[in-house]
Amino acid sequence: MLQQESEHQWLAISAFFVFVLIGAIFLRGTSHLPGIDMTDNELGLEHRIIESVYLDSNNYVALEYSAGEYNLVSVNNGEPDYILAEMTDYDESRINNLELLTNDSVLIGNALDNMLLHDGFSISPFTTNYGDADFLTTNIKQSSDEEQNYLMITLESDNNRSIRGLNSSGITSAETQNLANVDWEKIQHISNDLWMLSGRYNQPATTGDESPAAPNLKPVWATVLWNGGYIAPMFEKLHIGEYGEYHSMINLNQEKIIIAGTHETILFDYTTGSVENIGYSSVSGVADKHDSAWLFNGKDSRSVLRFHDESWEVKSLPHVIPLTVETTGFDGETIYLHGIDDNGAAKVMTFDTTAVGSIESGSGFINLAFIIISLVMFAVMTVNISDKFR
């Protein structure tokens with residue numbers, strides 16, 4: 001057609017522009033985030049998942065609530081096992097920490113009894129106190145380096161919260177002199193001897209400004225130094241936010257950490273000490289194996305925020321999030337949002353991270369088709385030009 005005269009050339013050009021227009025319409029229609037699905041909770045609609053840690057797509061440990069009771073369940077290939085059923089004196093309602101270790105074991109803490117270790121087959125005590133001090137462990141985090149040390153948030157005998165370390169040789173450090181009016185809640189290992197904590201700052205009541213019965217709670221995070229020995233961890237940098245809370249700390253790129261909150265999100269570069277405030281609020285956050293972070297807003301939100309390749313990108317959802325999100329998980333490929341819908345039924349919203357930008361996604365397929373057809377057209381033009389020169 002391109003070798004013909006007059007109207008055939010115009011016909012070819014018109015067909016090309018029609019192809020571009022149709023492609024643009026389809027790209028617009030497929031610009032939503034692919035790989036999203038909504039399923040029933042496999043434990044049953046009446047079983048709310050409160051906390052969860054995933055080993056892979058078929059195995060996870062979760063704290064569930066049903067019929068007025070809390071139960072810790074291990075799900076293997078879809079088969080649930082209530083792993084603390086025989087421990088009738090263990091208060092599962094107080095479980096506040098499930099920590100997945102590098103060997104796929106799970107540490108369980110309830111800030112009341114000694115910590116437990118679940119290795120997939122059995123439950124055994126996990127000692128955190130190798131000294132003479134009297135304290136309970138409310139939260140614990142394993143380091144991501146070869147040392148495999150632990151940092152702990154503790155409840156001391158004087159009922160104050162403090163910070164202690166536990167190294168792989170069984171040495172429990174001395175307690176840190178805690179900052180006044182701060183309740184630490186979450187821990188994240190950053191690099192080598194550097195850790196990060198987040199929690200709540202209870203602003204002291206002042207004359208006429210605050211009520212002692214309803215203090216003004218503010219989010220707070222801090223970096224902590226601990227070298228793995230008996231010496232107590234030491235606070236290094238402290239930041240107090242305006243309001244809301246920090247729900248997730250996500251370490252990326254061995255340089256930056258994302259501190260996500262219900263009011264503010266912070267990108268902290270711990271190699272330079274710079275702090276960047278990101279204008280996005282969320283209720284949960286999770287990292288995937290592609291060195292990306294996903295921040296999810298609350299019920300009825302139509303977008304998610306993704307951090308990838310040193311940049312932020314807001315992804316549109318094909319429909320609003322129909323859940324009140326209670327916990328998130330990641331199995332290596334899929335992100336799980338556990339929550340309840342408007343009817344109070346337990347549901348799971350899944351995000352297939354491998355579908356983003358893939359050929360299987362609508363926009364990826366159309367992009368590939370556009371490239372192939374354009375290359376074919378340019379190849380035909382090149383052949384025609386060569387024929388003309390000959």
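Odds and ends about this structure:
- V275 of a type outside the set (S, T, N, Q) and closer than 26 Å to Y54 by Cα: no
- Residue count for region 333-345, restricted to those that are within 21 Å of N97 (Cα to Cα) and either touching a helix residue (DSSP H, G or I) at 6+ places or on another chain (Cβ under 7 Å) or of a type in the set (G, A, S) (or both): 2
- Residue in region 79-86 that is surrounded by fewer than 19 Cβ atoms within 10 Å (Cβ to Cβ), over 20 Å from T127 (Cβ atoms), out of contact with any helix residue (DSSP H, G or I) (no Cβ under 8 Å at 6 or more places or on another chain) and among the aliphatic types (A, V, I, L, M) present: yes
- For region 265-277, the set of residues classified as under 15 Å from E242 (Cβ atoms) and surrounded by fewer than 18 Cβ atoms within 10 Å (Cβ to Cβ) consists of V275, N277, listed by residue number.
- Selection within region 100-115 - within 26 Å of the chain's Cα centre (by Cα) and touching a residue at least 24 places away in the same chain (Cβ under 8 Å): L100, L101, T102, D104, V106, L107, I108, G109, A111, M115
- Inter-residue pairs, beta-carbon under 9 Å, first over 16 Å from T176 (Cβ atoms) and at pLDDT 90 or above and in region 134-145, second assigned to a strand (DSSP E or B) and of a type in the set (S, T, Y), 6+ apart: Q142/Y150; S143/Y150
- Hey, F330 surrounded by 15 or more Cβ atoms within 10 Å (Cβ to Cβ) and under 12 Å from the mean Cα position of the chain (by Cα) or not: yes
- Filtered by the rule that a residue be polar (S, T, N, Q), farther than 27 Å from K237 by Cβ and not in a strand (DSSP E or B), region 272-324 gives N297, S301.
- Just one of the listed residues (Y60, Y65, Y70) is in contact with a helix residue (DSSP H, G or I) (Cβ under 6 Å, 6 or more places away or on another chain) and part of a strand (DSSP E or B), and it is Y70.
- Residues satisfying the stated conditions in region 298-327, i.e. surrounded by 16 or more Cβ atoms within 10 Å (Cβ to Cβ), within 16 Å of G279 (Cα to Cα) and under 15 Å from the mean Cα position of the chain (by Cα): V304, L305, R306, F307
- Only one of the numbered conditions (1) of a type in the set (V, I, T); (2) more than 24 Å from the chain's Cα centre (by Cα); (3) not in a loop (DSSP other than H, G, I, E, B) is violated by T88, and that is (3).
- Only residues that are at pLDDT 90 or above and closer than 21 Å to N167 by Cβ were counted across region 109-118, and they come to 4.
- Selection count, region 39-54, where residues are surrounded by 15 or more Cβ atoms within 10 Å (Cβ to Cβ) and either at pLDDT 90 or above or touching a Ser or Thr at 6+ places or on another chain (Cβ under 9 Å) (or both): 9
- Residue list for region 86-122, restricted to those being under 23 Å from D331 (Cβ atoms) and of a type in the set (F, W, Y): F121
- First in region 116-127 and within 8 Å of V106 (Cα to Cα), second anywhere and in a loop (DSSP other than H, G, I, E, B) and β-branched (V, I, T), Cβ under 9 Å, 6 or more apart: H118/I83
- For region 91-109, filtered to residues that are in a loop (DSSP other than H, G, I, E, B) and in contact with a strand residue (DSSP E or B) (Cβ under 8 Å, 6 or more places away or on another chain), the residue that is farthest from E69 (Cα to Cα) is T102.
The values are calculated or read from the model by the stated rules, or taken from the named source; none is laboratory data. Remember, it's a predicted structure, so these values are computed and weren't measured experimentally. No Cβ is skipped: glycine too gets one built from the backbone with ideal geometry, and neighbour counts run over all protein chains shown.
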